[in-house]
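The values are calculated or read from the model by the stated rules, or taken from the named source; none is laboratory data. Since this is a predicted model, take the numbers as computed values, not measurements. Every residue, glycine as well, gets a Cβ built from its backbone with ideal geometry; the counts of neighbours run over all protein chains shown. Protein only, heavy atoms only, side chains kept; ligands, DNA and RNA dropped before computing areas. Shrake-Rupley method; radii C 1.70, N 1.55, O 1.52, S 1.80 Å.
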Amino acid sequence: MELFAHQILSGLATGGIYACMALAIVMIYQAIHHLNFAQGEMAMFSTFIAWQLIEWGFPYWIAFFLTIAISFVGGVVIERTVFKPLHRAPVLAHIVAFIALFAIFNSLAGFIWDFTIKSFPTPFGQQSLFGSGLISAHDTGMIVVTLVLLGLLFLFFRHTRIGLAMRAAASNPDSARLVGVRVGWMIALGWGMAAAIGAVAGMLIAPVVFLEPNMMLAILIYGFAGAVVGGLISPGGAVIGGFAVGVVENLAGTYVPVVGQEMKLTIALALIVAVLMFKPTGLFGARLVTRV
Amino acid sequence: MTGPMTGTLLEVSGLEAWYGRIQALFGLDFTVADGGVTTLLGANGAGKTTTLRALCGMIRSAGTARLGGTDLTGRATEDIVRLGVAHVPQGRGTFTAMTVEENLQLGAMTRRDMRAIAEDIERAYAYFPRLAERRRQQAGTLSGGEQQMLAISRAMMLKPRLMLLDEPSFGLAPLIVEELFSILSRLKAEENLSMLIVEQNAALALEIADEAYLIETGRMVMSGPARDIGQDENVRRAYLGY
Ligand SMILES: Nc1ncnc2c1ncn2[C@@H]1O[C@H](COP(=O)(O)OP(=O)(O)OP(=O)(O)O)[C@@H](O)[C@H]1O
Ligand SMILES: [Mg+2]
């Protein structure tokens, strides 16, 4: 029972990271209807920036928030310079751009910081919380930070005018323009926020998976799984999907003998395929009621 | 019906528009008086919707369209909206996943006067009590008539100088249409709202309008005071069912 509770909790901890990645993916998907598979590499690069800032002597939390700000600006700049010009371009052009971004961030990180594995600090400590062995301090911190982040985002989208404008731009760009929403800038803002959310995910998971240019590969696939489970167009669904994937991954890795630690990633991929085959709108994607 | 004519609000001349390489409008001239209502009539595919889209910068156009002293052509939709042009589009443009109240909030997106916005939302509810009852309801679940009321209210939230309405009566039961047009008449009288109304229901449109224009395949074929157009033999036969 103790082991079970432990696996659930650490599943929720990594699930929070997947939830963040899933949310970042969905935010961009809603705006431009393409899956940004460079999202993980962007998060990895952000994490290297944080590592560099800490190396230069910045205190952890200063580096943390500075990295978020830098990532936000970076996301906006990428949208304005790369994806805005591609606005009406065919799918293939977008895919090429995503591959290019992926390759650029991956090799640039390797070039600047080399490919050796680095350890990344945790502000929470690695000891187990209250010495119970149930959950580590870092896992607890991860859950708290992701919940705070997701809560703030919820409030932002529900209760601010700019959040409302962003939702309008994503769901109905033509009507949004007709009420004066600057749709192009809302998309850029979405990119900035997605990049910032990814940065948080990267910085939180780096102490667990260690810092290196390929650190986000698997995380991104879990994030995709969460987004697909959530239906790709539902931010709330993506978050729940991300947490669910984290828990399922952990329990399967522990209790299903054939799965083990090595086969965990296969579960995420199988989940993506299964959901797309049997419930393509995801478990939360078809909640919207419309009447014409 | 004639409103207080203090001058011309919108003056369109030589308006042309294209969908890709296909030209859809061939030099339209028309005006909307300040505080007045102009209607554009025409059969399916005549170019009525296209005219409104061209005015709002939603498609490529040429010619001039002066609102007050400002030329609208060549500007981005968002900027034209900021000049005070509210468009109630064909299909109503409802933000279906959002609540009624959020739709109204969106209509005021270009404004900063938060207190006045809250008052104007209440004013919209006073004009359309059915919306007040449904303020927390998802807008996609409203009936067609309610969505049209919402679209008009959303446009009013801009405090527009000019409102463009694309077939407000489309697909609605006669009773609802009557209610809708009586409210449009009230808006004209009480809020001094200037309107450009596109309609297939010519009888209805001619009743509220001061000026009327008839479009056929992207060209203006007739224009004049709404009363005279309503008396014209050809119009009566073709559009009024006599
Ligand atoms: N998105 C589009 N792409 C290409 N051509 C279009 C498009 N929309 C309209 N057209 C064409 O432009 C012409 C004018 O169409 P428009 O929609 O303005 O007509 P309308 O007068 O509004 O008709 P209705 O009463 O049926 O709404 C038609 O020939 C139509 O086929
Ligand atoms: Mg039309």
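At 1.4 Å probe radius, can you tell me the per residue accessible area of the stretch B:95-159 in Å²?
Details: 2500 Å² over 65 residues.
Using a 1.4 Å probe on heavy atoms only, each residue of the stretch B:95-159 averages 38 Å².
Based on DSSP, what percent of beta bridges with both residues in chain B are antiparallel, to the nearest 5?
Working: 25 of 43 bridges.
Taking every DSSP beta bridge with both residues in chain B, the antiparallel ones total about 60 percent.
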So which DSSP H runs in chain A come out at 20 Å plus along the axis (Cα) with average Kyte-Doolittle of at least 0.5?
-> A:2-32, A:39-55, A:60-78, A:91-113, A:137-159, A:183-209, A:235-255, A:264-278
Can you list the chymotrypsin sites (Phe, Trp or Tyr not before Pro) in the stretch A:91-153 that are in a DSSP coil and have 14 or fewer other beta carbons within 10 angstrom?
-> A:Phe115
The stretch B:95-159 - percent of accessible surface contributed by carbon and sulfur, probe 1.4 Å = 50 percent
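Take every DSSP beta bridge whose two residues both sit in the stretch B:100-242, then give the antiparallel share in percent to the nearest 5. Spell out each step's value before the answer.
On the way: 6 of 11 bridges.
About 55 percent, rounded to the nearest 5.
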Assigning unit charges at the beta carbon (Lys, Arg +1; Asp, Glu -1) and nothing else, what dipole magnitude in debye, to the nearest 20, does chain B show about its Cα centre?
-> 600 debye
Mean-square fluctuation maximum in Gaussian network of chain B, Cα pairs under 10 Å, restricted to B:Gln137, B:Gln231, B:Gln200, hits B:Gln231
Considering only B:Gly107, B:Gly42, B:Gly224, give the residue with the highest GNM mean-square fluctuation for chain B, with springs between Cα atoms whenever their separation is below 10 Å.
-> B:Gly224
Give a quick list of trypsin sites (Lys or Arg not before Pro) in the stretch A:36-118 that DSSP marks as loop, anything other than H, G, I, E or B, with at most 13 other Cβ atoms within 10 Å.
-> A:Arg88
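How big is the C-alpha Rg of the stretch A:2-278 next to the rule-of-thumb value 2.2 N^0.38 Å, as a ratio? Could the numbers behind the result be given before it?
Working: Rg = 18.4 Å, N = 277, 2.2 N^0.38 = 18.6 Å.
Expressed relative to 2.2 N^0.38 Å, the Cα Rg reads 0.99.
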On the accessible surface of the stretch A:2-278, probed at 1.4 Å with all protein chains in place, carbon and sulfur together account for a percent value of 75 percent
For the protein assembly as shown, what is the convex hull volume of its Cα atoms per residue in Å³?
-> 179 Å³
Carbon/sulfur fraction of accessible area - the stretch B:164-242, other protein chains in place, 1.4 Å, % = 50 percent
Could you state how much accessible area is buried at the B-A interface, both sides summed, with a 1.4 Å probe, in Å² to the nearest 100?
-> 2200 Å²
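Which percentage, to the nearest 5, of the DSSP beta bridges contained in the protein assembly as shown is antiparallel? Mind dumping the intermediate values first?
On the way: 27 of 45 bridges.
Expressed as a percentage, antiparallel bridges in the protein assembly as shown total about 60.
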Relative contact order computed over the stretch B:95-159 (Cα-Cα under 8 Å; 6+ residues apart), in percent | 55 percent
Under-5 Å amide H pairs with B:His87, H placed in peptide plane, nonlocal only | B:Leu164
Report which residues of the stretch B:54-80 become buried by 10 Å² or more of accessible surface when going from the isolated chain to the complete set of protein chains (1.4 Å probe; DNA, RNA and ligands ignored).
-> B:Met58, B:Thr77, B:Glu78, B:Asp79
Averaging sequence separations of C-alpha pairs under 8 Å and six or more residues apart, then dividing by the length of chain B, give the relative contact order as a whole percent.
-> 26 percent
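Nothing charged except the Cβ atoms of Lys and Arg (+1) and of Asp and Glu (-1): what's the magnitude of the dipole of the stretch A:2-278 about its Cα centre? Round to the nearest 20 debye.
Working: 10 positive and 10 negative charges, 202 e Å.
My answer is approximately 960 debye.
Check each of the trypsin sites (Lys or Arg not before Pro) in the stretch B:73-167 and keep only those in coil by DSSP with at most 10 other C-beta atoms within 10 angstrom; list them in order.
Numbers: sites: B:Arg75, B:Arg82, B:Arg92, B:Arg111, B:Arg112, B:Arg115, B:Arg123, B:Arg130, B:Arg134, B:Arg135, B:Arg136, B:Arg154, B:Arg161; in loops: B:Arg75, B:Arg92, B:Arg111, B:Arg112, B:Arg134, B:Arg135, B:Arg136, B:Arg161.
Sparse-neighbourhood loop trypsin sites (Lys or Arg not before Pro): B:Arg112, B:Arg136.
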Inter-label distance for B:Met222 and B:Leu175, nm, one decimal - labels placed 7 Å from Cα along Cα-to-Cβ | 3.4 nm
Net +/- balance of residues flanking A:Ala13 in space, Cβ distance below 13 Å, scoring K and R +1, D and E -1 = -2
